[in-house]
Each structure stands twice: as C-alpha cells, then as structure tokens.
Amino acid sequence: MNIFRQIYKKIKKYDKIVIARHIGADPDALGSTIGLKEAILYTFPNKKVYAVGTPAFKHKYIGNLDKFEESMYDNSLLIVLDTPDIKRIDGVDVSKFKYKIKIDHHPFIERYADIELIDDKASSASQLVMELIKKTRLKVNKESAEKLYIGLVGDTNRFLYYYTTYKTFSLVSYIIKKTNIDFTSLYEDMYLRSLHDLKLQSYIINNLTLTPNGFGYIKLDQDILDEFETDASTACNVVNNLTYIKDMYAWIVLSYDKTNNNIRGSIRSRGPIINSIATNYNGGGHIYASGVRLDNFELSDKLIDDLDLACKKYKEENNL
C-alpha cells in the first residue's frame, strides 16, 4: 500500500482529527491545514476536524482556526503539516495523540509521527495535500481548493521559485479543473499592502547593509515597528521583495517579535546554501529560504558573520 493510501485509510478510520502546523504560520501552513480540513469534511461530513494553532491576523483572509481544547487529544488522529521538527509544532503535544501523521516538504530533521510523508522536492505542503487528494478518494470542493491554491502560490511566490515543477502545475491544473475556482481573484487578498507596509519596505531598502561579499541584512527593533505600525511577521515578509537586488546573494531581515519576546529572522538566498546555517540558530527550512528564532539581537551578529562567509565562499566558487 502506498503512503497516500495509508494516510487516507487513517483519515477514514478516525472520527476526530486535529490538524496542526508550525509556529509563525505563513500562507502555506495555513492554506494546507485549512484546505485539508475542508477536504476531509467535504468527504466525511460527520467527522470532527479541527485546524489549530495561533491565529495569524495578517493572513486571516485564508480562513478561521479552531481553538484547541484538551478534549481534542482523546482518541484522535493528529496530522501535522509543513513542520519538519517537533519543537516547531504550534499549540499541541504530539505525545498525547493516539496516532500521528506528518506531511512535509522540508528536508528531514527528525521523525515524530507514525506515518511520515516527506517530499523536499515538492513546492509546498499545499502541493502535497493536492497530491493526497488526487491519489485517494478524498474529495475537493471550492473552499478547499482556494485555500490550497493560496498556500501553494505563497510558497512558490507565484510560481517563481526553483522548486516549481511540472508536477506543481499538473496538480494545480487538476484542482482548478475539479472545482473551477476563480484563482485570479485570490491574489488581491494575498498582495494588497497598506501604505505603512510600503513605507516599511522603503525603509528596509534604504537602510539595508550590504557587505562586500554580497550579504544584506537589517535589524528592526520595536521602535521601528511601532513607527510603521507593523509587527515582526509583516516586517519579515519584506524579505521576499529583495530577491532581485544585483550583487546581493543572500540576505536576512531580523525583527523583534513582541508576542514571543525574541528575534525573528527570515533568510533568503540566490545561491549560497543557508538552511544548514539556520539550523545552528534555532531555525531551519529550505536551502534558499529559511528562518531563525534568536533570544536577542546580540546573537544575530554571529549569524550574520556565518551568512556573510557563505556568500564569500559562493562568490569564490563561482568566480563572481
């Protein structure tokens, strides 16, 4: 029995299912969890299915989350999406569930589930949920398809990134054909920005430090976030808008996260491998897109040095 059928068999078996994802949820984490919830309920209307985790108000257009309660542990199936390691799972204790499934597209870090579907060649967790739907008897409706499309588009940045493949387009086409969603209308909520956000982006560009090795970085403290009426999550999302700066090969946006009282860092790269560095700083992710969590800004100086060195080596190896 292939792994997709194994997962479907467990979904069919359990009457209570909790779906979780990583802390600091992005559109893929939210789109895949809420999209899977909608697909399961559309297929099995009598099941109790909960998508849990801390709300991400910036992405509230994706859908509502369920408040976790202790009773959800009882005789339940846990499905964790988009999360390679147990410490980054948001809001649940994995050990208290009767059965656990992981569906993830990050490089493997650790095993914590009974069934683990890991494909680090997939563009997103949302793509893997689309594949699960296509290869099993799970049904997809308009609500599910919209969430999954948003999640996939979020992680591929509108199909720009290197892990967008023929398979990505094939699964998106399948979902659109099955549901006839108006996918172009979904972009407005995803890409609308307030004037404060755009002014913050201008501030970051104007104050970004670029080293001779081609590494860019900026630190945003609470005073700066207050000035632009924004938060750490919104600030770190600006990292995706810095992709095509000439002579910058990797970069990081570091921002104080008042909610968690730590420093949130989003790292991107156009060449140097960064996820192996991020894992040394309470983080991880993809080879060209990773994140970290630090206790204070002082700890970021060593991280910046390590990333700058990676850029230097990349330039030397590629005669840049």
Quick one: how many residues across region 55-67 are in a loop (DSSP other than H, G, I, E, B) and at pLDDT 90 or above? 5
Among the residues of region 212-230, what is the count of those that are part of a loop (DSSP other than H, G, I, E, B), in contact (Cβ under 8 Å) with a residue 60 or more places away in the chain and buried (at least 19 other Cβ atoms within 10 Å of the Cβ)? 2
Considering (1) on the phi > 0 side of the Ramachandran plot; (2) in the same structural domain as residue 275 (by TED's automatic domain parsing); (3) modelled with pLDDT of 95 or more, say which one residue 220 fails and leave the rest. (1)
State whether the residues of region 278-287 include one that is of a type in the set (Val, Ile, Thr), over 18 Å from residue 214 (Cβ atoms), over 17 Å from the mean Cα position of the chain (by Cα) and outside the structural domain of residue 26 (by TED's automatic domain parsing). no
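Would you mention how many residues in region 96-108 are farther than 23 Å from residue 130 by Cα and surrounded by fewer than 17 Cβ atoms within 10 Å (Cβ to Cβ)? Spell out the reasoning first.
Within region 96-108, the first condition is being farther than 23 Å from residue 130 by Cα, and the residues that meet it are 96-98.
Filter again for surrounded by fewer than 17 Cβ atoms within 10 Å (Cβ to Cβ), leaving 96, 98.
Residues flagged as farther than 23 Å from residue 130 by Cα and surrounded by fewer than 17 Cβ atoms within 10 Å (Cβ to Cβ) within region 96-108 amount to 2.
Right, residue 278: out of contact with any His (no Cβ under 7 Å at 6 or more places or on another chain) and closer than 20 Å to residue 82 by Cα or not? Write out each step before concluding.
Numbers: out of contact with any His (no Cβ under 7 Å at 6 or more places or on another chain): yes; closer than 20 Å to residue 82 by Cα: yes.
In short, yes.
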Which residues, counting only those in region 146-196, are β-branched (Val, Ile, Thr) and over 17 Å from residue 127 (Cα atoms)? 184
Checked 28, 93, 82, 66 against criteria (surrounded by 14 or more Cβ atoms within 10 Å (Cβ to Cβ), free of Cβ contacts under 8 Å to residues at least 24 places away in the same chain and charged (D, E, K, R)); the one match is 66
Return a yes/no flag: does region 29-42 have any residue that is in a loop (DSSP other than H, G, I, E, B) and either touching a helix residue (DSSP H, G or I) at 6+ places or on another chain (Cβ under 9 Å) or not assigned by TED's automatic domain parsing to the domain that holds residue 232 (or both). no
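I'm checking my understanding of the structure. Among residues of region 233-269 that are in a loop (DSSP other than H, G, I, E, B) and out of contact with any helix residue (DSSP H, G or I) (no Cβ under 9 Å at 6 or more places or on another chain), which one is surrounded by the most Cβ atoms within 10 Å (Cβ to Cβ)?
If we filter region 233-269 for residues that are in a loop (DSSP other than H, G, I, E, B), which is where we start, we get 243-249, 258-261.
Next, only the ones that are out of contact with any helix residue (DSSP H, G or I) (no Cβ under 9 Å at 6 or more places or on another chain) stay: 243-244, 246-247, 261.
Details: 243: 15, 244: 7, 246: 5, 247: 11, 261: 9.
Step by step, filter region 233-269, then rank; the result is 243.
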Just name the residue that is surrounded by the fewest Cβ atoms within 10 Å (Cβ to Cβ) out of those in region 288-319 that are of a type in the set (A, V, I, L, M, F, W, C) and under 20 Å from residue 87 (Cβ atoms). 299
Restricting attention to region 192-211, report how many residues are touching a residue at least 12 places away in the same chain (Cβ under 8 Å), in a helix (DSSP H, G or I) and closer than 30 Å to residue 312 by Cα. 5
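The values are calculated or read from the model by the stated rules, or taken from the named source; none is laboratory data. Predicted, not measured: the structure shown is a model, and the values here were computed from it. A quick note on method: Cβ atoms are made from the backbone with ideal geometry, for glycine too, and the neighbour counts reach across all protein chains shown.
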